[in-house]
Structures are given as structure tokens and as C-alpha cells.
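See structure below.
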Amino acid sequence: MKNRLKRNNSGLKGTITLESSKSESNRALIINALAGGNVTDIHNLSNARDTQTMRSLLEGKPEEYDVKDAGTTMRFLTAYLSIHGQGETITGTERMKNRPIGPLVDALRTLGAKIEYMEKDGYPPLKIHRIGKQLTNKISIPGNISSQYISSLLMIAPSLEQGLEITLTSAIYSRPYIEMTLSLMKAFGVDNEWNGNTIKVSSQTYQPVDYTIEGDWSGASYWYSFLSLAPEESEITLPTLRKNSMQGDIAIASIMNDLGVETRFESDGVYLSKKPLNQKKLTIDFRDCPDLAQTVMVSAAVNGVALEMTGLESLKIKETDRIAAMKNELAKIGANLDEKTSKWTLTPSQQLPDSITIETYEDHRMAMAFAPLCMKMDVTINDPSVVNKSYPSFWDELRKLKITVN
């Protein structure tokens, strides 16, 4: 299947419906389950496939938890089953079976969980038996690996008889996602303490509460990119976003301010407008917001802005190796992505083609990051259904802006 996006030469004006935050939804579902609450206590849950998979598995309690391609669901449920498991297995797609989970399993084993690798050491599928007697209340884990490992451990910490103290042994990546986890735990009645590189959570009881999920800033980033590539006098409204958001991807507002998009926060959401772009080179640290990197690279490449980037290490273990995928697809528009010892350089395009076909590599963010190219050329997106992972209505929202999608 393919989606063909016809080049759009006119300005953009409209109101876009965002999906609810997948990151917030999945955390709220796990915490709510640990609190003994009902799914109906969580309002405005994301329709993203990852979240619906999480919800279905928590409600169904199967003998085999098939998370499909949902990395967050895999990691969060692995920790959850270490509290409530009775020998169930957890598995996923072939790509999921090649995404590492060793650091989380090592930490859970240290706490007392019995976890077996069913195929390859360090990778799913797993067979999980709950923690019987807690062996320790102190663990150490690198801070520069996936924050989902750390969030997984934090969310089960109050359910451990001795609580948990986590020491992060290196620079902390994706810090806002850890802060989101702690804030949600607080919303469900659990206190925590974060000093320096140590996070402490005592043994406590979660309280079921009614909780409403915010709109998704990751999803908002694609509309920022559309506006960045649009003609003057373009405007887009994004309801349900909050200025005091817990989501690290709110960083897109400040990043895109340098790429031609002005943000105005109002009580009912965010208003975006096109503004002149005067930058020729930007330095960006994506450590706290790696999911924005693909979107920003495309916008910068087309706008003639060179990028010096850090904090992209985790992109290699996502739905695909996103660094390799971006190198391949950016080259099609004449841009070059170069990597040298934890630093990445983007050399922008000098001349754009009239049309392009984008491979999506089974990665939702590849499809949506490259879709804004239709402001400059005809674009064909292969396997467009990958957006169902996080933003099922994306293509319909595109049509609201009078962009032709066939």
C-alpha cells in the first residue's frame, strides 16, 4: 500500500485533532493497574496501537502477552509482571525480539524476579515469575540507556516491600520521560525523592484516581514541520496541549522557533504561525527529546539549515535503526547525515527533486517526519499504515489542511 501526497502550493490554515499522549497513556495504564483501578478511570486515552495493545493485555491477562511492536508496552509489562506475574511469557514481533531488554531484566533479577530468556539472551521473548522475597532495595543502572527501563522500575517501586533506590551511573538521557513517570506516580498518591543521580521511592500504596491524558506533543511536532515548510501566512491550531506539559517533546516549540514557526499558548491549546527563518546553522541536543530528531532533520534539510546534533544514541534501537534509515531517505533529497563519535552533522539539501518515494522501515515516525515534504514536492509514502502505532488519524488530519492524499 502507498499514499501519494500531491505537492501543495497554497498556505495552510486549519485546526488539527491530535492523538492523546501515548507516553502518558501507557504510564497511566500501568500505574492505574498497580493501584487496582479500572481502565475507565483514565480519560482521553490514546487510540494509538501501542496504547490499545497495553490496555487489551492488562484487561485480558493472557498466558502469553504479545506486545507486537510496542517497545514501551514490552518494557512496562515486563516490570509489571515481575509484581503480578505467574509464569506468563511476553513476546512481540521479530523486530521486537531484536530490541535489547537485558538491562531491565538484570535489574529485576537483582530485585528477586525469576526471568528466563526463551530464545536469545538479552532479548525477548521472556518467561516471568513475580518477585517473591525482595533481595535488595538498591540497584544501579546507566542513565544514558532507554528511559523506559528506568520508568519501568520506578512504577513498580511502591509495590516492593522494601521500596527502591535507583542510582543512575552515567549522564541522564530522556530526563523529561523519567520526570513524567514520577509526576504521574505522584498523581496516584505516591511520593518520591530525586537528589542528584539517586531516585528513592518507599513502599507505598497507589490510590486509584480519575485522570485525563493530555494531547501528544510528539504528534504535534509533525504539524510544526508542515508549517515550517509552508508559505507565509500559514496558521495551524492544535487544541488539548498544555504550556506546563510533562512531555519532553514540548521542546519542539523552542526548536521550531528557529525553523520558522511561532508558538502562542492559549488556555484551549496552541496556535502556530509562520514567521521568517533567518538561521543557517543550529546546534541541538536531543538527549531529552530523541523522538523529535527525525522531524527536525527533515525540516532543517529542506530549509537549508545545517545541524550539529548530540543525544541520538537511542535512535539505533527504536522500531528500526533510525540513524541508518534517516541517512538513506535524506540522501534522496540531497541531504547528508554524518556520524562521528556521538555527534551527528546534517548537511542540508542544495536542490530538491520534483518527487520522492519514502521507505518507512516499519517505523511510524519515518512516515510522518517525511510527509511534510509535500509542501515542496510530490511525495509517495510506502506502507503508510505504520502511523497506526501512534497517530491512526494522521492521514485524515492531513486532508483537513486540503492536502491531497491518494
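Some observations on this one:
- Condition check for Thr167: in a strand (DSSP E or B), farther than 16 Å from Ala79 by Cα, in contact (Cβ under 8 Å) with a residue 24 or more places away in the chain and outside the structural domain of Glu313 (by TED's automatic domain parsing): yes
- The listed residue being in contact with a helix residue (DSSP H, G or I) (Cβ under 8 Å, 6 or more places away or on another chain) and among the charged types (D, E, K, R), out of Glu214, Glu165, Glu161: Glu214
- Any hit, segment 110-122, residues being closer than 10 Å to Ala79 by Cβ, assigned to a helix (DSSP H, G or I) and modelled with pLDDT of 95 or more: yes
- Among the candidates Ser355, Ser342, Ser393, residue that is more than 26 Å from Gly304 (Cβ to Cβ), small (Gly, Ala, Ser) and in the same structural domain as Ala293 (by TED's automatic domain parsing): Ser393
- Matching entry among Asp41, Asp50 (being in the same structural domain as Arg175 (by TED's automatic domain parsing), buried (at least 17 other Cβ atoms within 10 Å of the Cβ) and either charged (D, E, K, R) or without any contact (Cβ under 8 Å) to a residue 24 or more places away in the chain (or both)): Asp50
- Residues in segment 333-348 that are hydroxyl-bearing (Ser, Thr, Tyr) and under 15 Å from Lys316 (Cβ atoms): Thr341, Ser342.
- Any pair with Cβ under 7 angstrom, 6 or more apart, that starts in segment 53-81 at a residue that is among the acidic types (Asp, Glu) and ends at one that is assigned to a helix (DSSP H, G or I): Glu59/Val39; Asp69/Met96; Asp69/Lys389
- Test: residue in segment 155-163 that is crowded, with 21+ Cβ neighbours inside 10 Å and either over 26 Å from Met54 (Cβ atoms) or among the β-branched types (Val, Ile, Thr) (or both): yes
- Per the listing Thr357, Thr310, the residue uniquely farther than 21 Å from Gly219 by Cα and within 18 Å of the chain's Cα centre (by Cα) is Thr310.
- Counting the residues of segment 123-143 that are under 14 Å from Ile166 (Cα atoms) and either outside any strand (DSSP E or B) or in contact with a helix residue (DSSP H, G or I) (Cβ under 8 Å, 6 or more places away or on another chain) (or both) gives 6.
- The lone exception for Glu232 - which of (1) over 21 Å from Glu397 (Cβ atoms); (2) in contact with a Leu (Cβ under 7 Å, 6 or more places away or on another chain); (3) modelled with pLDDT under 95 it fails: (2)
The values are calculated or read from the model by the stated rules, or taken from the named source; none is laboratory data. As the structure is a prediction and not an experimental result, all values here were calculated from the model. Neighbour counts are summed over all protein chains in view; Cβ atoms, including those assigned to glycine, are modelled from backbone coordinates with ideal geometry.
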